[in-house]
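Visitor: Below is the structure I would like to discuss, written out as structure tokens.
The values are calculated or read from the model by the stated rules, or taken from the named source; none is laboratory data. Just so it is clear, the structure is predicted and the values come from calculations on it, not from any experiment. Here the Cβ positions follow ideal geometry from the backbone for every residue, glycine too, while neighbour counts run over all protein chains shown. Note: areas computed on protein heavy atoms with side chains; ligands, DNA, RNA excluded. Shrake-Rupley method; radii C 1.70, N 1.55, O 1.52, S 1.80 Å.
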Amino acid sequence: TECEKEPGSLLWIFVMVGNIVRGMGETPIMPLGISYLEDFAKAENSPFYLACLHTATVVGPFLGLLLASFCAELFVDIGSVGADEITITATDARWVGAWWLGILICALLNLLVAIPFWFLPKSLVKEGETNEPEETSEKSVEPLQENDKNETKQTMYDFIPFLKALFHNPVYMLFICITVLQFSAFDGMISFMPKYLEQQFGKSASDAIFLIGVYNLPVLCVGYFSGGLFMKKFKINIYQAANIAFWVSLLEYLLYFAAYWTVCDTSPVAGLTVSYQ
């Protein structure tokens, strides 16, 4: 009874707050970045630029999984516990990797990458157009600032009506539902596949994370990049893009559905699949 201690650490709050702050910083990049590209890029080049943006969002998790695989091979108390004092290996169920090390490294990299955003101009010349004369631009500075203030106030008042209009837009809501389903499937694979590889094939946590990153994310990068290049080359319009997305998604569903017939033997687990005797 003397060795029993109730968990009373509140350090998880720091991790939660850190993830909230990280989400607040990362969320504007996609919507504002896409608007930035749409406003200042040619219509025929916009799909290719968006494909590069989405490819970069996949390269990040790929590198993150490689980093997580490296950190999972290190003991959680690295630096305070000597290697000769560790009596278990990475394949042991009691092994806990240095999960916190990846967070510190990524936090530092996020800080360094965020610095160039301070130097982005507020407005760019649209691709293919020439700069306006300096005199005209200088004269129009004050009216533009006043218009920006008026537009900001008007946007605040019109936010709720715009939001209601979006909720009643069937195309937009259908796109939201499809996106939620796609991310749910992807998150499920990221969450449960490592444990499946560990239990079914006897892999360590670092090996399982590495395999998921190598076998899944590079293919997504190729798909994003080739899709954007295809739309740019053949000038695919919205209707044609919707048709392509439908048939490709149907093919993807059939391939995933075929995985139901790919069944491995269940590993014996005492108390679940076999008795303790």
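Visitor: Could you look through the stretch 186-210, keep only residues that are aliphatic (A, V, I, L, M) and more than 19 Å from V59 (Cα to Cα), and pick out the one that is surrounded by the most Cβ atoms within 10 Å (Cβ to Cβ)?
Guide: By that ranking, first place goes to A205.
Visitor: So how many residues does the stretch 96-107 have that are under 13 Å from A72 (Cα atoms) and in a helix (DSSP H, G or I)?
Guide: Summing the residues that are under 13 Å from A72 (Cα atoms) and in a helix (DSSP H, G or I) in the stretch 96-107 gives 5.
Visitor: Moving on to the next point. If I ask for residues that are open to solvent by less than 90 Å² (accessible area, probe 1.4 Å) and of a type in the set (A, V, I, L, M, F, W, C), which ones from the stretch 211-224 would you list?
Guide: Hits for the stretch 211-224 are L211, I212, V214, L217, L220, C221.
Visitor: While we're looking at this one, here's another question. Is there any pair with a first residue in the stretch 23-37 that is farther than 20 Å from L109 by Cβ and a second that is modelled with pLDDT of 80 or more and open to solvent by 60 Å² or more (accessible area, probe 1.4 Å) whose Cβ atoms are under 7 Å apart and which are 6 or more apart or on different chains, and what are they?
Guide: From the stretch 23-37, the pairs are L37/Y49.
Visitor: Considering every residue within the stretch 223-241, establish whether at least one is within 27 Å of V76 (Cβ to Cβ) and assigned to a helix (DSSP H, G or I).
Guide: No, there is no match, as no residue in the stretch 223-241 is within 27 Å of V76 (Cβ to Cβ) and assigned to a helix (DSSP H, G or I).
Condition check ((1) assigned to a helix (DSSP H, G or I); (2) of a type outside the set (A, V, I, L, M); (3) buried (at least 17 other Cβ atoms within 10 Å of the Cβ); (4) in contact with a helix residue (DSSP H, G or I) (Cβ under 8 Å, 6 or more places away or on another chain)) across all residues:
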{"residue": "A51", "(1), (2), (3), (4)": "yes, no, yes, yes"}
{"residue": "H54", "(1), (2), (3), (4)": "yes, yes, yes, yes"}
{"residue": "G60", "(1), (2), (3), (4)": "yes, yes, no, no"}
{"residue": "L65", "(1), (2), (3), (4)": "yes, no, yes, yes"}
{"residue": "A68", "(1), (2), (3), (4)": "yes, no, yes, yes"}
{"residue": "C71", "(1), (2), (3), (4)": "yes, yes, yes, yes"}
{"residue": "T89", "(1), (2), (3), (4)": "no, yes, no, no"}
{"residue": "R94", "(1), (2), (3), (4)": "no, yes, no, no"}
